[in-house]
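Remarks on the structure that follows.
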Amino acid sequence: MLGLLWGTGCERSVSVPVAPEMPVATEAKPSSPFGSEGSQGLPNLGLLKNAITAYHDSGAWNADIAAVAADAMRYLSTMAPGEGKPALVLDIDETSLSNWPNLKSSDYGYVSAVWNAWVNTASAPANEPVRDLYRYAKQHQIAVFFITARPESQRAVTEKNLRAAGYDGWDGLFFQPDDYKETSKVPYKSGERRKITERGYRILANVGDQQSDLLGGYAERTFKLPNPAYYIP
Ligand SMILES: [Mg+2]
C-alpha cells in the first residue's frame, strides 16, 4: 500500500509506504498489580496497603520525599531577586512530620479518637529531608511558616512535637480555625498564604503532601510530596 505525504512548502509529493492493516490485538492487558475487582475494575484495598507498606519499608517513599525537598532547596538557592522578605511555607503532617507509626498501627484507617491520641503523644518523627530544607531556609534568612489543618486546640502538643523533631525558630504556625466549615482545605490554606504575603513576605516555595496544600496561589513554586496513604480535599 502506498500513501501520499504532502511536504509543507514543497511542491512535490513523496510516496511513502503505509503499514498494512494489522489485526487488532486481542490479548488481555496485564492486570493491575493491585487487582481488578468487580465491574468497575476497582483495585483491591489489601493489595494497595501491602504496596504502600513496601513503598515505605524499601526506603523509596523517603527517597521520593528527598528528591522533592532537594528540588525545593535548589529553588531557594537560586531564587531570583524580587520584592519582599523571602519565605518558605510547609505543611506539617506527612510533610514536616511523618505519622508513619500511626498509619502502620492503624492499618491506614482513620478514627478521630485514635488519631488525636497519636497527636497527643507528640512523637511523630521528622521527615528528615524536609527538616533539612527547613534548616537551609533558616540559615539563609528565609522565613518559614507552617500551615496545618490541625485545629488550634492541638497547638501546644504540635509545637512540642515539632521541637522534639528538630524544628525550632519558625516564623509562624497557623492552625485551622475551629469554626472552619469548608470541605476543602484550599480556602483556609491559600487564605493564610495571602495574609503572609500581605505582611510583606514573598513566598518562594510551598511544600505539602496534598494538592489542597498547594492550590490557590500565593507561592512562586509548589512542591508536591508523595502520600499514597490518604487524601485530603
Ligand atoms: Mg499533610
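Would you mind checking the pairs Lys85/Lys181; Lys49/Lys189; Lys185/Lys224; Lys49/Lys185; Lys138/Lys181; Lys160/Lys189 and listing those with alpha carbons more than 27 angstrom apart?
With Cα atoms farther than 27 Å apart: Lys85/Lys181; Lys49/Lys189; Lys138/Lys181.
Please work out the average accessible area per residue across the chain, using the 1.4 Å probe convention, and give it in Å².
On the way: 13210 Å² over 233 residues.
Accessible surface, normalised per residue, equals 57 Å².
What part of the accessible area of the chain, given as a whole %, is carbon or sulfur when the probe is 1.4 angstrom?
Heavy-atom surface of the chain belonging to carbon and sulfur, 1.4 Å probe: 56 percent.
Which order, highest average first, do 165-173, 55-63 follow once you tally other Cβ atoms within 10 Å for each residue and take the mean per peptide? Kindly include the intermediate steps, with their values, before the conclusion.
Values: 165-173: 16.4, 55-63: 14.3.
Result, highest mean Cβ count within 10 Å first: 165-173, 55-63.
Not counting ligands, DNA or RNA, and with a 1.4 Å probe, what is Leu47's accessible surface area in Å² rounded to the nearest 10?
Surface open to solvent at Leu47 totals about 70 Å².
With a point put 7 Å past each Cα toward its Cβ, work out how far Tyr75 is from Leu215 in nm, to one decimal.
Result for the modelled spin labels: 1.8 nm.
With each pseudo-label sitting 7 Å past Cα toward Cβ, what's the Ser112-Ala60 distance in nm, one decimal?
Distance between label points: 3.5 nm.
What are the principal axis extents of the Cα atoms in the chain, in Å, biggest first?
Projected onto its principal axes, the Cα set of the chain covers 76, 49, 35 Å.
Keeping every protein chain in place, order Ser96, Ser123 by accessible area at 1.4 Å, biggest value first, i.e. largest first. Display every interim value, and only then the final one.
Values: Ser96 0, Ser123 60 Å².
So, going from the largest accessible area down, we get Ser123, Ser96.
Give me P(r) over the stretch 174-233, computed from all C-alpha to C-alpha distances, binned every 10 Å, as integer percentages.
Pair shares across the bins are 23, 51, 25, 1.
Roughly how tilted is helix 45-57, in degrees to the nearest 10 and between 0 and 90, from the longest Cα axis of the chain?
70 degrees
As a test of the formula, what do you get for the chain when each DSSP H run with n ≥ 4 contributes -39,500 (n - 2.57) and the sum is divided by the residue count, at 222 nm and rounded to the nearest 500 deg cm²/dmol? Mind showing how you got there, number by number?
Numbers: 8 runs with 86 residues, N = 233.
Dividing the helical sum by the residues of the chain leaves -11000 deg cm²/dmol.
The values are calculated or read from the model by the stated rules, or taken from the named source; none is laboratory data. Predicted, not measured: the structure shown is a model, and the values here were computed from it. Glycine also receives a Cβ, built like all others from the backbone with ideal geometry; neighbour counts cover every protein chain displayed. Accessible surface is based on the protein model in full, side chains and every heavy atom, while ligands, DNA and RNA are left aside. Shrake-Rupley method; radii C 1.70, N 1.55, O 1.52, S 1.80 Å.
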